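Reviewing the structure listed below.
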Amino acid sequence: MTETVSTTAPTFADFCYPDLSGASVFITGGGSGIGAALTEGFLAQGAKVAFVGLSDASEFCDAMEARYASRPLFIACDIQDIEALQAAVTQARAAHGPIGVLVNNAARDTRHTLEDWTVEQWDESIATNLRPQFFTAQAVAPDMRALGGGAIINLSSNSYMLGLGGYPTYVTAKAGIMGLTKALARELGPDAIRVNCLIPGWVMTERQRELWVNDKDLNECIDQQCLKEAIPVEDMINPCLFLASTASRMMTGQPMVVDGGRV
Ligand SMILES: NC(=O)c1ccc[n+]([C@@H]2O[C@H](COP(=O)([O-])OP(=O)(O)OC[C@H]3O[C@@H](n4cnc5c(N)ncnc54)[C@H](O)[C@@H]3O)[C@@H](O)[C@H]2O)c1
């Protein structure tokens, strides 16, 4: 029989990280887009997942429960509200035990120009795209210390490495997330808490397809990628699981770019 190398997108059954089985995982924005793929990826490993989001996710939770016999805990929470976010972490801990994996995924890539932006809009964007990542880490650090270690994965974006136009506050926040990752890796390393950055390229989520994807821009993007394929959400799962798992035990403060080789 001739063996072939598959180049199709992975499925949820393709990965195996036994140390993630039973782990208590907290994800921001885990009910849609990349976050939903990550929720499913962790459930497929036997982890217990709690996630926060803005819109009701009961249908998604029903589907996950039917597929994995383990219902993710959805907590309605605006991550701009730090007290509510801290309360959500408390609720997740009460339901699933001390949090061993944190994925700071939620973000909003609102388009704007330099000229049309107010101080309030700047603050609002940073309050979604950068500030919560610090306070979730603060909230889960005691759990991870008690567990003897943990993993934090922050979602950044290759837009800051490419210097993309059209959303300067988001791009700034995404650069800040890499800085925050380095800083927290240093702060938390002595407690065996690892902090790494997952840096996606242009990933074909529902929201991207609805709002921004068109033939011209997608072709231009693929032209710049080494790998000539639009990136499906599923390709974010294994890198995130790897960063969460002890498979990456001695890796911290690092960017992991998954963009088909564009930067
Ligand atoms: N899709 C891409 O092409 C792409 C590229 C680079 C980086 N990223 C990053 O990947 C991560 C996920 O992106 P996505 O494309 O899946 O986004 P998405 O818009 O599809 O999903 C984002 C999730 O975050 C939640 N969210 C947004 N604002 C929130 C708030 N104030 N409070 C609570 N929840 C909130 C939304 O409810 C949603 O569930 C983000 O950090 C994004 O910056 C995505």
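No value in this document is a laboratory result; all are computed from the given coordinates. Fair warning: this is a prediction, and the values are worked out from it, not measured in the lab. Positions of Cβ are generated from backbone atoms using ideal geometry, with glycine treated the same way; all protein chains shown enter the neighbour counts.
Spin-label point model (7 Å from Cα, Cβ direction): what's the R67 to E210 distance in nm?
1.9 nm
Which value in deg cm²/dmol, rounded to the nearest 500, describes the helix-derived mean residue ellipticity at 222 nm for the chain, given -39,500 (n - 2.57) per DSSP H run of n ≥ 4 and division by the residue count?
About -13500 deg cm²/dmol.
So what's the gap between the Cα centers of the stretch 217-260 and the stretch 88-103, to the nearest angstrom?
Taking the Cα centre of each part, the stretch 217-260 and the stretch 88-103 sit 26 Å apart.
Among G41, A87, T113, which residue has its Cα furthest toward the positive end of the charge dipole of the stretch 4-139, with +1 on Lys/Arg Cβ and -1 on Asp/Glu Cβ?
The residue sitting farthest along the positive end of the dipole is G41.
Rounded to the nearest 20 debye, what is the charge dipole size of the stretch 123-221 about its Cα centre when +1 sits on each Lys and Arg Cβ and -1 on each Asp and Glu Cβ?
320 debye
Would you list V171, V213 from fewest to most Cβ contacts within 10 Å?
So the residues, fewest neighbours to most, are V213, V171.
Tell me which chymotrypsin sites (Phe, Trp or Tyr not before Pro) from the stretch 190-263 have a DSSP coil assignment and no more than 16 other beta carbons within 10 Å of their own.
W212
For T113, T172, T181, which order do you get if you count the other beta carbons within 10 Å of each Cβ and list the fewest first?
Arranged by neighbour count, lowest to highest, T113, T172, T181 become T113, T172, T181.
Run the numbers for A84 and K182: contour at 0.36 nm per residue of separation, minus the present Cα-Cα distance, in nm.
32.7 nm
Given 0.36 nm per residue, what is the gain on full extension from T113 to N238 after removing their alpha carbon distance, in nm?
41.5 nm
Which is farthest toward the positive dipole end of the chain among A192, T7, L243, measuring Cα position about the Cα centre, with Cβ charges +1 (Lys, Arg) and -1 (Asp, Glu)?
So the residue furthest toward the plus end is A192.
Compare the peptides 114-124, 27-37 by average per-residue count of other Cβ atoms within 10 angstrom and give them in order, highest first.
The densest-packed peptide leads the list: 27-37, 114-124.
Search the structure for amide H atoms under 5 Å from the amide H of I27, placed 1.01 Å from N in the peptide plane, and list their residues when 5 or more places away or on another chain.
A50, F51, V52, V103
Multiplying the sequence separation of A9 and A95 by 0.36 nm and subtracting their Cα-Cα distance, what value in nm do you get?
Here the answer is 27.7 nm.
GNM on the chain, C-alpha springs below 10 Å: top fluctuator among L20, L211, L54?
Between L20, L211, L54, it is L211 that shows the largest mean-square fluctuation.
Among the lysines in the chain, how many pairs, 8 or more places apart or on different chains, have alpha carbons under 30 Å apart?
Total qualifying Lys-Lys pairs in the chain comes to 6.
Please report R93, R111 as a ranked list, fewest other C-beta atoms within 10 angstrom at the top and most at the bottom.
Fewest to most other Cβ atoms nearby, the residues stand as R111, R93.
Farthest toward the dipole's positive end in the chain, which of L162, T136, V233, given Cβ charges of +1 (Lys, Arg) and -1 (Asp, Glu) about the Cα centre?
T136
Please get the size of the charge dipole for the chain, origin at its Cα centre, with Cβ charges of +1 on Lys and Arg and -1 on Asp and Glu, quoted in debye to the nearest 20.
With only Lys, Arg, Asp and Glu charged at Cβ, the dipole is about 840 debye.
If you find the alpha carbon centre of the stretch 158-214 and of the stretch 119-152, how far apart are they in angstrom?
14 Å
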